[in-house]
Amino acid sequence: MKTYILLLLLFCGFLSNVLQSQTITGAWKGRIGSAHTELKLIKKGDSLLGTSYYYTSRNNYVRYAVKGYFDPNSNSVVWWDDAMLEDRLSGKIFGADGKEALLSVADFNCPGEKTMRLDGESTDRDDKDKPRGTVALQKITSSGFHDEWDFVLENYIYGANDPEIIDSVARMHGVPNEVTEERETELASTTVKSVPKNDPSIAVKAPPIVEKKKATPVPAGTAQQKFSTREKKLATVIPITGDSIELRFYDNAVVDGDSIAVFMNDKMVFEHVRLNNKPYTLKLSVDDLPEDNEMVMVAENLGTIPPNTSLMVAIVDGKRFEARLESTENSSALIRFIKQKKNNNRQ
């Protein structure tokens, strides 16, 4: 009898977690700004994956792969258009600027017994200073647009919430796997070895982390000039809570002389940092930051193996986030940090 009761309690706990995930998992319909929108969100841990459709009709739409985060404690939701998957849209849908990717921040709430809503604001994905209008979405039983996520939505509580199934669908969109904590530990403990000059097999037998002497230069100019003139491309969005953020910057995979500067909200935080397998660590006070923040990594050189690439690990209120950052002589990597509300009792 005791074993039966224990199994029953374990099952109830599992079912409760699945049902909680199911509240945000599903299809959502309404408007973001002036655009008719249908959104599919699938919860995997704290993360969200899915697709967004901006449309004028069922045959006239643009579709993006979506990434995001959901905090069940505050009921806050952040998601953004990660990559365009289809463009069947004739004309423009967001006004004069065309079909730019969006980033949305919303509250998840239940104003009625069978009504679930996402209400918030949206901006240009790569520029927090370009508002795109109000988010007003309501959960629906099924989307009018059919894609590979339908199987997961229809069978979520029957086993399709398995991370391996969700990852397999995400890979269809080219969504990279997360860097695990073990991978970070492995990177930090790797010994940097020099490359023998005359080894003809070095392309095959070189260790995963090597160091070379000369870095590829980039066009002359200060870090501030490079920051101002280069295109900024979003790498990820990280929700922030708690008192502080710890950021760790590594060279990604190959130590080849990459040197970077980092800006936070248009102000330089540091420059001339040469990346390697030991992290360069930076701590920021959350209280000192505004609601929406932009951090930009600028390549001061391209290393011996362009482009300039780094791995950034963020520790936020005990949670790990990671981003692979890439910067070239034409573009810089952008990360947005968005504060989350402490409490939300509207659910």
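Quick check on the stretch 9-24. Is at least one of its residues over 19 Å from Y158 (Cα atoms) and either open to solvent by 20 Å² or more (accessible area, probe 1.4 Å) or modelled with pLDDT of 95 or more (or both)?
At the first step, the residues of the stretch 9-24 found to be over 19 Å from Y158 (Cα atoms) are none.
Among the residues of the stretch 9-24, not one is over 19 Å from Y158 (Cα atoms) and either open to solvent by 20 Å² or more (accessible area, probe 1.4 Å) or modelled with pLDDT of 95 or more (or both), which makes the answer no.
Any residue at all in the stretch 229-242 that is more than 30 Å from G45 (Cα to Cα), at pLDDT 70 or above and not in a loop (DSSP other than H, G, I, E, B)?
yes
Yes/no per residue for (1) at pLDDT 95 or above; (2) within 14 Å of K40 (Cβ to Cβ); (3) of a type outside the set (D, E, K, R):
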| residue | (1), (2), (3) |
| --- | --- |
| T115 | no, no, yes |
| L118 | yes, yes, yes |
| S122 | yes, no, yes |
| R125 | no, no, no |
| K130 | no, no, no |
| T134 | yes, no, yes |
| K139 | yes, yes, no |
| S142 | no, yes, yes |
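I'd like to check something: does the stretch 42-54 contain any residue that is open to solvent by 10 Å² or more (accessible area, probe 1.4 Å) and aromatic (F, W, Y)?
As a first pass, look at the stretch 42-54 and keep what is open to solvent by 10 Å² or more (accessible area, probe 1.4 Å): 43-47, 49.
Now drop any that are not aromatic (F, W, Y), which leaves none.
So far as the stretch 42-54 goes, no, none of its residues is open to solvent by 10 Å² or more (accessible area, probe 1.4 Å) and aromatic (F, W, Y).
What residue, of F145, F151, is surrounded by 14 or more Cβ atoms within 10 Å (Cβ to Cβ), outside any strand (DSSP E or B) and of a type in the set (F, W, Y)?
One residue alone meets the criteria, F145.
Select from the stretch 282-337 the residues that are in contact (Cβ under 8 Å) with a residue 12 or more places away in the chain and assigned to a helix (DSSP H, G or I) and write down the one among them that is farthest from I260 (Cα to Cα).
Filtering first and then ranking leaves D287.
Quick one: which of D87, D129, D124 is open to solvent by less than 20 Å² (accessible area, probe 1.4 Å), free of Cβ contacts under 8 Å to residues at least 40 places away in the same chain and more than 20 Å from A27 (Cβ to Cβ)?
Exactly one of D87, D129, D124 is open to solvent by less than 20 Å² (accessible area, probe 1.4 Å), free of Cβ contacts under 8 Å to residues at least 40 places away in the same chain and more than 20 Å from A27 (Cβ to Cβ), namely D124.
Taking into account only those residues within the stretch 266-281 that are in a loop (DSSP other than H, G, I, E, B) and farther than 25 Å from D127 by Cβ, which is most open to solvent (accessible area, probe 1.4 Å)? Reasoning before the result, please.
First, pick out the residues of the stretch 266-281 that are in a loop (DSSP other than H, G, I, E, B): 266, 275-279.
Okay, now just the ones that are also farther than 25 Å from D127 by Cβ, so 275-279.
Values: L275: 3, N276: 54, N277: 9, K278: 117, P279: 53 Å².
Result: K278.
In the stretch 106-141, how many residues are closer than 18 Å to Y64 by Cα and in a loop (DSSP other than H, G, I, E, B)?
The qualifying residues number 2.
The values are calculated or read from the model by the stated rules, or taken from the named source; none is laboratory data. Because the structure is predicted, anything quoted here is derived from the model rather than measured. Virtual Cβ from ideal backbone geometry, glycine too; neighbours counted across all protein chains shown. For the accessible areas, the whole protein counts, side chains as well, though only heavy atoms, and no ligand, DNA or RNA atoms are used. Shrake-Rupley method; radii C 1.70, N 1.55, O 1.52, S 1.80 Å.
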